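The values are calculated or read from the model by the stated rules, or taken from the named source; none is laboratory data. On a predicted model such as this, the values are computed, not experimentally measured, just so you know. Glycine also receives a Cβ, built like all others from the backbone with ideal geometry; neighbour counts cover every protein chain displayed.
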Amino acid sequence: MKTRIALFASGNGSNVQRIAEYFDKHPSIEVAAVYCNKPDAYVLERAKNLHLHSRVFDREEFRSGDVLGMLVADHIDWIILAGFLWLVPENLVEAFPGRIINIHPALLPKYGGKGMYGHHVHEAVVANKEKESGITIHLVDEAYDHGVHLYQAHIALDPNETAESLAQKIHHLEYLHYPEIIETTILES
Ligand code: GAR
């Protein structure tokens, strides 16, 4: 039996695509499903093209335990957040202790917390004239962007960096490192 992961996403889903391709034909880990909180998110189109089972849910289902029921029905072992924007409720953190991973597009603890996601993060980093940014891959607990860090990668900002150019650099770093960190974290657990 392979370890089954569910990928949670809210939008475009380019990380979902990269992770799904990385684990395609992996000997011991498989992407079992894509979970999404936005019925019109492009990630659902990607899931279809990748022939991945998908689930869509609303806030009530997420908080009440219905999503937990879906995860149990899908025999999910690990939850991987990849561009997922809602705070994970306690019932899920308790059901998957140390088995929920998130990626954040900045060097936490800087530029984290509620409202700090996607382009908002890059805009703030550029506006503050930071010399560097990066990615943080971490375990998820009950607070936004708070759990134990698994990995960070840094990149320098150019003097004429824009939020758009920084977003591209950060996505590149994410594609490069996230699948491998997921793999080693699961295999070493
Ligand atoms: C990624 O950069 C991810 O780090 C970020 O959203 C983007 C999703 O891109 N996540 C957060 O900001 C979470 N706080 P994608 O949908 O193309 O993978």
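Worth pointing out:
- The set of residues in the stretch 22-40 that are within 16 Å of the ligand (Cβ to nearest atom) and in contact (Cβ under 8 Å) with a residue 24 or more places away in the chain comprises Tyr22, Phe23, Val31, Val34, Tyr35, Cys36, Asn37, Lys38.
- If you go through the stretch 147-189 and keep only what is in a loop (DSSP other than H, G, I, E, B) and either on the phi > 0 side of the Ramachandran plot or surrounded by 16 or more Cβ atoms within 10 Å (Cβ to Cβ) (or both), you end up with Gly147, Leu157, Glu161.
- Filter pass, Val126 being in a helix (DSSP H, G or I), within 9 Å of the ligand (Cβ to nearest atom) and either among the aliphatic types (A, V, I, L, M) or exposed (fewer than 14 other Cβ atoms within 10 Å of the Cβ) (or both): no
- Only residues that are farther than 27 Å from His26 by Cα, touching a residue at least 60 places away in the same chain (Cβ under 8 Å) and hydroxyl-bearing (Ser, Thr, Tyr) were counted in the stretch 158-186, giving 0.
- Within the stretch 72-91, at least one residue is more than 13 Å from the ligand (Cβ to nearest atom), modelled with pLDDT of 95 or more, in contact with a Leu (Cβ under 6 Å, 6 or more places away or on another chain) and over 24 Å from Tyr42 (Cβ atoms).
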